Amino acid sequence: MGTKNTCIGISILLVVIAVISISLIVTSLKKLSSDEVGLQYNTIQKTLDDEPKLEGLYTGPPGYEFIIFPNTFTTMGFYDLACLNSDGVDIRLNVQYQYKAHSTYMKKLILEFKTFKIFKEVLSNIGEAALHEACSHFNTTQFQTERGAFQEFLIKTLHDRYNILHCSVTDLQVNNIVRPAAYEASIRSKERAREDIRVARSEEPRRLTEADTEILQAETQGKIIMNKAESDARINHNKATAEAEAIRAEFQKEAEAYAFLLNSNGLGLTQEGFISYLGSRVIAAAKQPVYINLGTPAKTSYIAKP
Ligand SMILES: *[C@@H]1O[C@H](CO)[C@@H](O)[C@H](O)[C@H]1NC(C)=O
């Protein structure tokens with residue numbers, strides 16, 4: 001009985017030892033894939049290895065782990081990122097690039113940033129700062145006409161800043177550069193106004209010629225009216241002068257005739273005789289029958305001889 005119990009006890013012990021050994025081996029067995037580079041970190045002794053390890057299966061002291069960085073270029077992207085250009089205009093753009101830390105500096109970077117996640121956040125912040133800086137060096141016109149120069153400037157800024165953190169940058173792409181809608185609208189209305197001005201300028205000579213022609217026509221018309229008025233006035237004046245002349249001559253003749261009637265060298269009429277003469281002249285000149293009532297002095301001359 002006792003021996004049997006001892007046997008069972010030993011078996012259990014062996015199993016427990018085996019389980020412990022297996023679990024120790026399993027926990028100390030680590031794999032790195034082809035796109036990873038790792039640095040061994042002993043979580044118990046808090047020590048960091050010097051040499052980064054590439055793809056493979058590794059064992060190490062119990063409680064060690066790999067701090068892993070990508071062994072390939074990783075994409076960093078900013079989408080619809082807003083930045084102010086040198087005119088203070090709000091520009092939006094998409095920017096993408098690839099970056100990779102030099103594995104020779106991996107220990108230094110891990111001592112500074114602990115994990116790739118934190119390192120990546122710092123790189124993202126630095127990238128965004130580089131973008132804002134590049135934006136502020138270009139005005140709105142340049143964003144339209146010198147995109148290549150903007151891209152060059154940005155890649156240089158990124159290179160300089162990422163270099164400090166032992167990172168290379170490649171394959172920068174900038175696209176979807178968008179100016180604010182209000183800015184676009186005012187640009188369009190400015191272009192429309194410029195076009196209107198151009199049209200007005202091109203029409204100016206024709207309009208001026210038209211106006212000149214109208215002025216000329218009005219002047220000519222004015223001259224014609226003036227000439228006609230002057231000629232009418234001359235005619236009227238001449239006519240009036242001639243009429244006055246004729247009337248004057250007629251009265252002259254009449255006055256001479258009356259003088260002859262009254263003159264003693266002429267007919268030598270008395271006053272009464274002259275008045276009755278005038279009376280007969282009036283009646284003779286009348287075109288209608290005349291009914292008159294003259295005083296007695298004239299009456300004698302009218303008595304018809306029987
Ligand atoms: C934009 O910058 C260029 C180059 O410095 C300059 O020639 C141009 O006049 C600027 N445009 C405006 C609208 O400020």
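If I ask for residues that are more than 24 Å from Q144 (Cα to Cα), small (G, A, S) and surrounded by 10 or more Cβ atoms within 10 Å (Cβ to Cβ), which ones from the range 183-229 would you list?
Once the filter is applied, which keeps residues that are more than 24 Å from Q144 (Cα to Cα), small (G, A, S) and surrounded by 10 or more Cβ atoms within 10 Å (Cβ to Cβ), the range 183-229 yields A200, A211, A218, G222, A229.
Quick one: what pairs do we get from the range 117-143, first residue under 13 Å from C167 (Cβ atoms), second within 16 Å of the ligand (Cβ to nearest atom), C-beta under 9 Å, 6+ apart or different chains?
Cβ pairs passing all conditions: none.
Would you tally the residues in the range 123-174 being touching a Gly at 6+ places or on another chain (Cβ under 7 Å) and within 16 Å of the ligand (Cβ to nearest atom)? Please lay out each step first, then the result.
Going through the range 123-174, the residues touching a Gly at 6+ places or on another chain (Cβ under 7 Å) turn out to be 158.
Narrowing the set further to residues that are within 16 Å of the ligand (Cβ to nearest atom) leaves none.
Total meeting the criteria: 0.
In this structure, is F119 in contact with a helix residue (DSSP H, G or I) (Cβ under 6 Å, 6 or more places away or on another chain) and within 30 Å of Q40 (Cβ to Cβ)?
yes
Which residue out of D50, D87, D80 is in a strand (DSSP E or B) and either at positive phi or open to solvent by 70 Å² or more (accessible area, probe 1.4 Å) (or both)? Let's see the steps before the verdict.
On the way: D50 fails: in a strand (DSSP E or B); D87 fails: in a strand (DSSP E or B).
Result of the check over D50, D87, D80: D80.
Being open to solvent by 80 Å² or more (accessible area, probe 1.4 Å) and not in a loop (DSSP other than H, G, I, E, B) is the filter here, so list the residues in the range 30-47 that pass it.
Selection gives K31 alone.
Determine whether N94 is open to solvent by less than 60 Å² (accessible area, probe 1.4 Å) and either more than 16 Å from the ligand (Cβ to nearest atom) or in contact with a Gly (Cβ under 6 Å, 6 or more places away or on another chain) (or both).
On the way: open to solvent by less than 60 Å² (accessible area, probe 1.4 Å): yes; either more than 16 Å from the ligand (Cβ to nearest atom) or in contact with a Gly (Cβ under 6 Å, 6 or more places away or on another chain) (or both): yes.
So N94 fits the description; yes.
Select, from I187, I177, the only residue that is in contact (Cβ under 8 Å) with a residue 40 or more places away in the chain and closer than 30 Å to F153 by Cα.
None of the others qualify; the one that does is I177.
Regarding Y41, is this residue within 30 Å of Y183 (Cβ to Cβ) and either in the same structural domain as N125 (by TED's automatic domain parsing) or not basic (K, R) (or both)?
So Y41 fails the test.
Considering only residues that are in a helix (DSSP H, G or I) and in contact with a helix residue (DSSP H, G or I) (Cβ under 6 Å, 6 or more places away or on another chain), which ones fall in the range 160-193?
R161
The values are calculated or read from the model by the stated rules, or taken from the named source; none is laboratory data. Keep in mind that what you see is a predicted model, and the values were worked out from it rather than measured. Virtual Cβ from ideal backbone geometry, glycine too; neighbours counted across all protein chains shown. SASA here: full protein model, heavy atoms, side chains in, ligands and nucleic acids out. Shrake-Rupley method; radii C 1.70, N 1.55, O 1.52, S 1.80 Å.
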